[in-house]
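Step one of this worksheet: look at the structure below.
The values are calculated or read from the model by the stated rules, or taken from the named source; none is laboratory data. In this text, all values refer to a predicted model and were calculated from it rather than measured experimentally. Cβ: placed from backbone, ideal geometry, glycine included. Neighbour counts: every protein chain shown.
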Amino acid sequence: MDNYLYTIDCETGKEIWRFRTGKYGNSSVPAIYKNILYHGCRDGYFYALNAKTGEEIWRLRTEGGFTGSSPLIVNGIVYVCEEAGNIYSLTPEGKVLWKAKLSETSWGTPAAYGDKIFFGCADCHLYVFDINNGKELWRFATSNLTKCYVPPPYEIFEATVKKTKSEEEEKEEKYESEIGRADIESEYSMKSEYVMKSEYKQEGEYK
């Protein structure tokens, strides 16, 4: 959640490289194919990095974020779904081959079988698309059909502060508003010992 993607040597635990991603942290799993690392970030960016050096090759801005899901790579083509419910089919160069839509978000990693690709969705359906063109073939409803909702990543960082005034603060505010009115004279503007000639108004030790 520090907004970095790390590569660590499995034998020594030594850091090899780190890559600075966008905000809201990282909670999805990368995938590697032919020395290219593919990774979706929670702020909606999908990255392709050089797996050996950590150098960015390209990035794609999507409508949602990536939480929990991992890209699926079949025959060099990358398939991934983000929280806005959009499914992308991408070439290794970052070109969008097709884009399809689920009715809700998907946090799981897709699976492929033959010429079909499968996505589990938060609307309690399993979706099946043609892997070549993104056309929906069918969907299967589970027995629950109670939609699952998880707030977008940025809502976690929002806070609403409500201040409740104490009884003493309300009294003080009321007193200040009353003595501040122009049509009400304060004790210092009334005829009293404070406005008459006295030691408080004359030059003396108080000045």
Selected residue [assigned to a strand (DSSP E or B), closer than 20 Å to residue 25 by Cα, in contact (Cβ under 8 Å) with a residue 24 or more places away in the chain and of a type in the set (A, V, I, L, M, F, W, C)] from 46, 119: 46
Residue match in segment 27-34 (condition: at pLDDT 95 or above, within 21 Å of residue 132 (Cβ to Cβ), outside any loop (DSSP other than H, G, I, E, B) and within 22 Å of the chain's Cα centre (by Cα)): no
Residue that is nearest to residue 58 (Cα to Cα), among those in segment 96-150 that are surrounded by fewer than 16 Cβ atoms within 10 Å (Cβ to Cβ), among the hydrophobic types (A, V, I, L, M, F, W, C) and at pLDDT below 80: 150
Check on residue 82, surrounded by 15 or more Cβ atoms within 10 Å (Cβ to Cβ) and modelled with pLDDT under 95: yes
Cβ-Cβ under 7 Å pairs, at least 6 apart or on other chains, segment 13-25 side of a type in the set (Phe, Trp, Tyr), far side in a loop (DSSP other than H, G, I, E, B) and at pLDDT below 85: 24/65
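For the subset of segment 85-116 comprising residues that are in a loop (DSSP other than H, G, I, E, B) and touching a Leu at 6+ places or on another chain (Cβ under 9 Å), which member is nearest to residue 29 (Cα to Cα)?
Looking at residues that are in a loop (DSSP other than H, G, I, E, B) and touching a Leu at 6+ places or on another chain (Cβ under 9 Å), I get 109.
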